[in-house]
Every structure is written in C-alpha cells, then in structure tokens.
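Some notes on the structure that comes next.
Computed from the coordinates by the stated procedures, all read-outs in this text should not be read as laboratory data. What you see is a predicted model, and the numbers here were worked out from it, not measured in a lab. Using ideal geometry, Cβ is built from the backbone for each residue, glycine included, and neighbour counts are taken over all protein chains shown.
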Amino acid sequence: MTGLLLLFFLLSFGGQRSSACPHLCSCHGGQVDCSGRSLTSSSLPSTFPTGTTELRLHDNLLTSIPNGLLDGLTSVSLHGNPWLCDCGVLYLRAWLLRQPPGPWSQRAVNCSSPPALRGRLVAYLTEEELLQTCHYWYCDLALASQVALLVFVGVQGALLVALIVFLRRFELLSKEARRTTEESFRENDYTSVKDSSI
C-alpha cells in the first residue's frame, strides 16, 4: 500500500515538474536553460514553465522565434543563433526593442541571412528592410489568380466578339434568305398570274 502511495506521489508531483520543463532543456527555479542544444525554430519548445524568469536560448540553430513565445520574459539570451532576417523576425525585433539594456542585450543578436543584412543587429533593422525580404506564397497565388482572371476575361471577350460576328453573319444570311424567298414567291406569283391569264 505504501509503495502505491509513493508511486502515485512521484507520478503526480514529480511528473508535473518534469513535464513543465521542456524535454531538451534544464530547469532550476525560475531559470530555463536551453542553450547549446542545437535547437532549431521547429524543435524549439512552444511553452516554458510558469514562473520562468530567465531563459537561455543562446548558441542554438534558431532562425526565428514564434510570435508570443517571449511575452512576459525580460531576461533572455539569444546570441549565437543564425537569425534569418525576414518577415519572421519582426516579432523578435519588436520584443528586443522593448527590452532595457542588460547582460544579454540586443547588441548580440545579429542577422545571418539574407546576405544583404548579414551581420546587422536585429533590433536596429527597419520594418521596411524586413518587409522587402518577405515573399509569401499567397502573394504568388494572388498574382496567378489575377493573371488567370485576365486570361478568363480575355477569352470571354474573344467569345463575345465571335458571337457578335456570328450573329451579324446570321442576320445577313437571314435577310438574304428572306429576300431570296420573297423574290421566289414574287416570281411564282408572277408566273402563276401569267399562266392563269393565258
């Protein structure tokens, strides 16, 4: 019975603590250390334990940070990561600009790519510079849709012109047929009248 209670206690309380600390990180009090773990933006934990006061993410392979991940944190080390400075870094830039200077200041967070921005400090990039590097698939889709719409309208216009030309020819042929029929009736009437008078 005591063994079952001990197992229940370990699973309940020990399990909560281990599940609260991300798998690839170590946690000590309010400090969560995920540094030097070769974390990428896709393998980065999505949440950190409640009460985290210091987060170490330096010396990994991070190229971006999910929006909202650093909200409420003030002590975060981010240097030593190959940051991709495009639209995806706008959240990080905004977060860095809100932070007071500290031991891990924004001066250590540099762009690794694209080549035009390599070595630049993320916090000092302008929104215009970052937005120029953005390329979204839905922009391509919108452009393709516009081209398809233009082609569709062009085809519809060509069909309309062809229909108008066909109707004009049909109208001319109808007039010609009516005239020929009327002439034929007149000739028949004339011939009938001539034959009856003879």
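Things to note:
- Full extension of the chain between residue 178 and residue 132 yields a length gain of 9.8 nm, computed as 0.36 nm times the residue separation minus the alpha carbon distance.
- Charge sum, other residues only, whose C-beta stays under 13 Å from residue 174's C-beta, Lys/Arg counted +1 and Asp/Glu -1: +2
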